[in-house]
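Read through the structure below, which is laid out as structure tokens, and then see the notes.
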Amino acid sequence: MAELIREIHRIGADSPERLVPGNVCPGLKAWGLEISGLTDAGVGYEMVRPSPPHGHIVVCTGGRGEVWVDGDWQKCGPGQAYVTPPLSPMGFRTVPKYRWQFGWAFLLATPGEPSPVSVDSATLIRVDPRQFINVIEGLYLEASGPARAEHLELWAQIVSEYVRAIARSTGRPDPLWRLWADVDNALSEAWTLERLADRAGLRPEALRRTCLKHFGRSPMRQVTHLRMRRAEALLRSTSGKLFTIARQVGYHNSFAFSTAFRRWK
């Protein structure tokens, strides 16, 4: 089995890219993404990282390339996604006589948090690439055009949801991801442990144990985490008043929200 021993970043003039980095769209980092983009890779394109600090999602829409899996280069074509966790060797490159079209995103790894992807090493999976590519293109068109803060925030959230859906579809996904997706879509509501358990179809104690296992925090602290993550994104990317943002994430008192936000940070 071969090893990737050196880092390579080779794009070249024959590989146009449409990028949206975190400094252009602050909402991306708030939603756990470093950068996303669309690439039409040509001759000589190659990315190799023996120990990257973040995870990767690469979704192929056309052409053919190669990706590093299990110590060897494997073909990657339309309808396949290449998923890699942080710190795991990864690589993707073009092959002679073929162009390669793909969308991609880098996932931030947060100390003390579960890995942003649910595989232990680089993996190839089957996906429908159309919606993933469409949402990245939507984000890019907004960022390179009107660049309206509220719209960028919404696009960043949508891109994050699709990225994480692909990441969850591999290996051992969080069994409660649907519950947290529901909560994330209704953060202003009055969530209680009993309501969370009922939504998950579990007894409160079983929910507590499962949540502690996957996140290292109780169900209600997970709700707070989701609320504060959304609040941080809104504070960075919108000009909304503090009271308005507090209400959007389930707080009817600005002081209580400010206190919770400081503790979370």
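Over the residues of the chain, compute the C-alpha Rg and express it relative to 2.2 N^0.38 Å.
Cα-based Rg divided by the globular estimate yields 1.07.
Which distance in Å, rounded to a whole number, links the C-alpha centroids of region 130-147 and region 4-36?
One Cα centre to the other: 14 Å.
About the Cα centre of region 117-158, what is the dipole size in debye to 20, counting +1 per Lys and Arg Cβ and -1 per Asp and Glu Cβ, all else neutral?
So the magnitude is around 120 debye.
From the square roots a ≥ b ≥ c of the eigenvalues of the alpha-carbon gyration tensor of region 116-244, which class results: rounded (a/c under 1.5), prolate (a/b over b/c), or oblate?
oblate
When the helix-only estimate is applied to the chain (DSSP H runs of n ≥ 4, each -39,500 (n - 2.57), divided by the residue count), what is the mean residue ellipticity at 222 nm, nearest 500 deg cm²/dmol?
Dividing the helical sum by the residues of the chain leaves -12000 deg cm²/dmol.
Any chance you could count the Lys pairs in the chain whose alpha carbons are under 27 Å apart, treating pairs 8 or more apart or on different chains as valid?
Count of close lysine pairs: 6.
Could you bin all the Cα-Cα distances of region 97-167 into 5 Å bins starting at 0 and give me the percent of pairs in each, rounded to whole numbers?
3, 13, 22, 21, 18, 13, 8, 2, 0
Can you compute the modelled spin-label distance between Ser144 and Ala165, with each label point 7 Å from Cα toward Cβ, in nm?
It is 2.4 nm.
Nearest 10 degrees, 0 to 90: what angle lies between the long axis of helix 149-168 and the longest principal axis of the chain (Cα atoms)?
70
Tell me, what % of the accessible area of region 1-140 is carbon and sulfur with a 1.4 angstrom probe?
52
With unit charges on the beta carbon (Lys/Arg positive, Asp/Glu negative), name the residue among Ile245, Ser218, Phe255 whose Cα is farthest towards the positive pole of the charge dipole of region 217-265.
Going by the Cα projections, it comes out as Ser218.
Can you tell me which of Glu232, Glu46, Glu205 moves the most in a GNM of the chain? Springs connect C-alpha atoms under 10 Å apart.
With Cα springs under 10 Å in the chain, the top fluctuation among Glu232, Glu46, Glu205 is at Glu205.
Where nothing but the Cβ of Lys and Arg (+1) and of Asp and Glu (-1) is charged, how large is the charge dipole of region 220-265 around its Cα centre, in debye to the nearest 20?
For region 220-265, the charge dipole is close to 100 debye.
Counting heavy atoms of the protein chains only and a 1.4 Å probe, report the per residue accessible area for region 124-265 as a whole number of Å².
The answer is 56 Å² per residue.
If you roll a 1.4 Å probe over the heavy atoms of the protein chains, what accessible area per residue do you get for region 19-98, in Å²?
Value returned for region 19-98: 34 Å² of accessible area per residue.
Quick check: the angle from helix 204-215's long axis to the longest principal axis of the chain, C-alpha only, nearest 10 degrees?
Compared with the principal axis, the helix lies near 40 degrees.
For region 180-265, what does the alpha-carbon gyration tensor say about shape, rounded, prolate or oblate, given a ≥ b ≥ c as the root eigenvalues, a/c under 1.5 as rounded, and a/b over b/c as prolate?
Prolate.
Given charges of +1 on the Cβ of Lys and Arg and -1 on the Cβ of Asp and Glu, with all other atoms neutral, how large is the dipole of the chain about its Cα centre, in debye to the nearest 20? Present the calculation step by step, with values, prior to reporting the outcome.
Values: 34 positive and 26 negative charges, 156 e Å.
Computed charge dipole of the chain: roughly 740 debye.
Return one number: the angle in degrees, 0 to 90 and rounded to the nearest 10, between the long axis of the Cα atoms of helix 254-264 and the longest principal axis of the Cα atoms of the chain.
50
Once you list every other residue whose beta carbon is under 14 Å from the beta carbon of Asp70, what net charge do they have if Lys and Arg are +1 and Asp and Glu are -1?
Numbers: positive: Lys75; negative: Glu3, Glu66, Asp72, Asp120.
Here the count lands on -3.
The values are calculated or read from the model by the stated rules, or taken from the named source; none is laboratory data. A quick note: this is a predicted structure, and the numbers were derived from the prediction, not measured. Every residue, glycine among them, receives a Cβ derived from its backbone with ideal geometry; neighbour counts consider all protein chains shown. In case anyone asks, the SASA skips ligands and DNA or RNA and just uses the protein heavy atoms, side chains included. Shrake-Rupley method; radii C 1.70, N 1.55, O 1.52, S 1.80 Å.
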